[in-house]
Each structure stands twice: as C-alpha cells, then as structure tokens.
Amino acid sequence: MSDNPLKTWGGDAKVVASSLEIERVLAKIRLAEECLRSMVTPFSLLGQASSDLGEGLSSGFGGGFGQAKSIAVGLELPALIQKLEHLELACLEASRAYFQGETEIAADIPNLAEAAVEVGVFRETGVQVREVSVLGLPVSGHGEAGLLTNPQKSPDRLAELIWHLQRTDEHSKNQIRVDRLTPITGATADPLAQDPLFIAYVPGTQEWAMNAGENAFDATSNVAAMANPGLAASERGVEQALAMAGATAGARVLLVGHSQGGIISANLATRSGFHFFNGSVPTTQFKVVGLVTAGAPIGHLRNQMNVPTMALEHSNDLVPKLDGQLNPNRSNWVTATRKIPEANALEAHRLENYVETAKLVDQADDAGATAIRNKILDLTRGTQVVETRWFELTRAGGSKLGGF
C-alpha cells in the first residue's frame, strides 16, 4: 500500500459540499479579510489613537492600548491575509473541479459525440442478441433454461466482480455474461432480497474501425454511448440480453463494466427509474441497484447517477479521462484511483491491473469507500448463482439509427 497508494473520494455524506456551501465559506473568508484590513487603515489608527487618548485622560490611565492592538494586527496582517487567500484559492479550485466542469464540460462532451453521430461517421445500427451458451456449453434452442445443478457461491468482494469481468472479456468477442442469483434459504430476512437479482458483466471496446462493424463493442458504440443513453448498439444489446435472461419488470440488476462496458452500464443506470437525459430515452424494465466500473469515463453522468457507484480508475490510464473532468464527490459515488508503476497507458487500462486495484479497495477502511463497497456487496451476500448465460451481441445489417 505504501509503495502504491490508493486514493479514494466520495461516498461519505458528511463530507459532501454543495456549491452554495462553498460560496458561503468564500463569503466568510472575504469578510474576514475586509475586517482585518479595516483594523489597520490610517483612518482607523487615527480614530483609535484619539479614542484611546480621550479615554486615558478621563480615566487617569495611560492610553494607547487599542492603538497598540491595531499595530500588532498590522504587523501580523500579511501572514494572516496570505493564509486566508490560500483558503480562498482552495475553495475556488474545489468549486471549479466539482461544479464548473459539471455545467460546462459535461454539457459539451455528449454534444460533440452526438454531432459525430449526426454527420454519419459513427452512425448507429440495429443490434441482434443471441444466447450462445450456458457455462460455456452450447445450447440447442433460443431461451433454453440451463439451470445449474450445483449452485455457485456469489461474489462477496469487489475483486471477485472485476475478476469475473476479466474472464468475460477473455471468453469471446462481442459476448456478455449474465448471472442470476437467488437467496440461500434462511440467509436473509430482507424482503427486497427476495426480488430477482442479476449481475451483468460487460466488456470494453473490441473493434476500433470508424465504420460500424459486426461486433457491437466497437468505436461507433463508444461515440454513441457518450452522445446519449439508449443510443449505442452495445447498450441496447445488453438491455435485450438482460430481458432474455429474465431481468424484466421489478428485477434488480448489478452492472459491472470495463471501459465502454462501464459507459453503457452507467447509461443503463441513468435510465433505470431514476434520472435520464430526456424524454426520448426510454426507461428500462429492470432496476439497476449497483454499478462497478473499471477504466470508464462516466463523470459526465454526475447529475443523472443515483445508484451506489464504485468507479475504479488508474491515473496513468487515459480512458477514464476522456470525459474531461473529475468524478463528483457524492454520497452515492466513490472513485478509487492509483498509478500502475512503470506502465504505459495501454497497460494501465488492462483489466488484470484493475483486479489488483479492486483488492486494495476491498481492504480500504475510509468511511466513504467502506459505505459504498458494503452497499454493493450487500446485494450478493446471502445469495448463490443458480444460472449463468452468455449472449452474443451482433450489429443488424440494415437498420440505421440516428441520434435522439
């Protein structure tokens, strides 16, 4: 840990500041500066000296105490003003990092992506979803049950979730994995835990051609995902796959995504009965109850994200920086970041490195990280995996989609 420190922020309601709170602090700092300066102006010193002389003559004691106090303040004033100015700059920087980017940069990135879609360079298509296997075994018919004869232990650590994501990414191109979990008999009395729970593992970009290809996890889906929720073929494919797996009305879904998979998972979270960008973006039938991302730029969704969110980022991974801003300091959102030693941007983006970062987050004991980690892992505690399905997401050959 000491050689490779992990930094986290967010997740603790006690330390979350609003822009109004920062403005109030700034006003008080500036008022303090004005009061200190007013105490040592020539007019204040002259007035104080006259007052002290009058008081001294009338009382019979020597005057000058108030003047001496003002002179003392004057001697200390430069250092005091410097400290106050440092506090003022810190408040302004915090405001810029967390709120100015929210109103300026976040509005520009989706617009730029949508413009790229509109000119036709990254124009979206339809998507087809096909169930291809259950636990790696071919299935003979669409929608075949494929229940496990021996239920598997559900993930109870963040590192396990990222490890399963890594295995999904290595399994085959343009495929996602969906697990269905059920409570272990007598393990929990929580009535919400009786609702169906699904975990979807969503990989990142696999094709980088500018024109839309067969694989839905391509550059076109990248741009479309940043342009608007509900537009990317990969996102619509994940939504269809979840429905085919049984995540229909009322079902709870935990989404785990890398890179593009993190962006479209975050988009699905914004559409899941909480907040979404505009009325043309439909809500999902299922309810996203948790989100874990690795190496994904999702900061532009700061105003739409209300689910417990754990964002893993590496400081030398360029992909999470593509949204152009810091992730927010919110009570429902924790960002955990570290630098991968002696790694270039490509190596820092690899999932195997994010597995190691997740292990550090599992060990983190600060309040924010602990709170969000527990909210996410509480979803799987007392459950077992009873069904695992693999779905292939392929672009449909004709239908073209425009932007919303």
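The values are calculated or read from the model by the stated rules, or taken from the named source; none is laboratory data. Bear in mind the structure is a predicted one, so any value in this text is a computation, not a measurement. Every residue, glycine as well, gets a Cβ built from its backbone with ideal geometry; the counts of neighbours run over all protein chains shown.
Brief remarks on what is shown
- Residue check for residue 358: surrounded by 16 or more Cβ atoms within 10 Å (Cβ to Cβ), among the small types (Gly, Ala, Ser) and in contact with a Leu (Cβ under 9 Å, 6 or more places away or on another chain): yes
- Restricting segment 371-400 to residues that are in contact (Cβ under 8 Å) with a residue 12 or more places away in the chain and part of a helix (DSSP H, G or I), the residue that is farthest from the chain's Cα centre (by Cα): 377
- Subset of segment 292-325 [of a type in the set (A, V, I, L, M) and either more than 9 Å from the chain's Cα centre (by Cα) or not assigned by TED's automatic domain parsing to the domain that holds residue 259 (or both)]: 294, 307, 318, 319, 322
- Applying the condition of being without any contact (Cβ under 8 Å) to a residue 12 or more places away in the chain and not in a helix (DSSP H, G or I) to segment 301-355 and asking which residue is surrounded by the most Cβ atoms within 10 Å (Cβ to Cβ) yields 350.
- Residue match in segment 276-284 (condition: modelled with pLDDT of 90 or more and among the aliphatic types (A, V, I, L, M)): no
- Residue match in segment 248-260 (condition: at pLDDT 95 or above, buried (at least 24 other Cβ atoms within 10 Å of the Cβ) and in a loop (DSSP other than H, G, I, E, B)): yes
- Selection count where residues are touching a Phe, Trp or Tyr at 6+ places or on another chain (Cβ under 9 Å) and either among the acidic types (Asp, Glu) or at pLDDT 90 or above (or both), scope segment 168-215: 17
- From the list 396, 364, the one residue that fits, being farther than 16 Å from residue 331 by Cβ and either surrounded by fewer than 16 Cβ atoms within 10 Å (Cβ to Cβ) or at pLDDT below 90 (or both), is 396.
- Residue within segment 306-318 that is more than 24 Å from residue 378 (Cβ to Cβ) and touching a Leu at 6+ places or on another chain (Cβ under 8 Å) present: no
- Residue ID - nearest to residue 262 (Cα to Cα), chosen from residues in segment 197-218 that are part of a strand (DSSP E or B) and among the acidic types (Asp, Glu): 218
- Residue 231 over 21 Å from residue 308 (Cα atoms), crowded, with 19+ Cβ neighbours inside 10 Å and in contact (Cβ under 8 Å) with a residue 12 or more places away in the chain: yes
- Within segment 234-246, the residues that satisfy the criterion of being crowded, with 24+ Cβ neighbours inside 10 Å and among the hydrophobic types (A, V, I, L, M, F, W, C) are 238, 241, 242, 245.
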